[in-house]
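First up is the structure itself, then whatever we jot down about it.
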Amino acid sequence: MGGEWVGGEWYVLVEAAYSVTDQAWTLKEKIHVGGYEQAVARAREVCLSYRHGEGCGHNVFRLSETSWMVDVTYSTWSTDPEGPRTLSVQHFRVTVAELVTTREPAPAEPPEGAPRKGRLRRAFGG
């Protein structure tokens, strides 16, 4: 059975990869916003304000009208004669996306033999 067609719900998605060689992206944040224009404005804000760590800098690259890559950098002093250099420590993508369909997951079932809570206990969080 398929999901419900939603449409018109806009999000800012933040995906992170934690090393330069890491090819796996992890969805770190979904920010629900009003409409398309608000989503683009919020995505730009996220690119500029996302917390990276003390002393880190960043470069923001626009990949398309609705997608950015942020390269988080820090400066270190090299032992070679070149002196200080800047290294990439993390990168993340910020994307504007429209939610087009959704389907709730099936309710979790307790494992075999797990004690079942009665209605009254569930009502009081017990």
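Structure notes:
- The criterion of at least 2 residues that are in contact (Cβ under 8 Å) with a residue 40 or more places away in the chain and under 14 Å from Leu13 (Cα atoms) is met, among strands (runs of 3 or more DSSP E) falling completely within the stretch 38-115, by 84-102.
- The residues listed here are Ala16, Ala114, Ala39; of these, the one that is modelled with pLDDT of 95 or more and open to solvent by less than 40 Å² (accessible area, probe 1.4 Å) is Ala39.
- Total residues in the stretch 22-35, condition within 15 Å of Leu99 (Cβ to Cβ), open to solvent by 50 Å² or more (accessible area, probe 1.4 Å) and modelled with pLDDT under 95: 3
- Residue in the stretch 71-92 that is loosely packed, with under 10 Cβ neighbours inside 10 Å, under 21 Å from Thr26 (Cβ atoms), out of contact with any strand residue (DSSP E or B) (no Cβ under 7 Å at 6 or more places or on another chain) and at pLDDT 70 or above present: no
The values are calculated or read from the model by the stated rules, or taken from the named source; none is laboratory data. Note that the coordinates shown come from a computational prediction; the quantities given were computed from them, not determined experimentally. Backbone-built Cβ (ideal geometry, glycine too); neighbour counts: all protein chains shown. Ligands, DNA and RNA are excluded from the accessible area calculation, which covers all protein heavy atoms including side chains. Shrake-Rupley method; radii C 1.70, N 1.55, O 1.52, S 1.80 Å.
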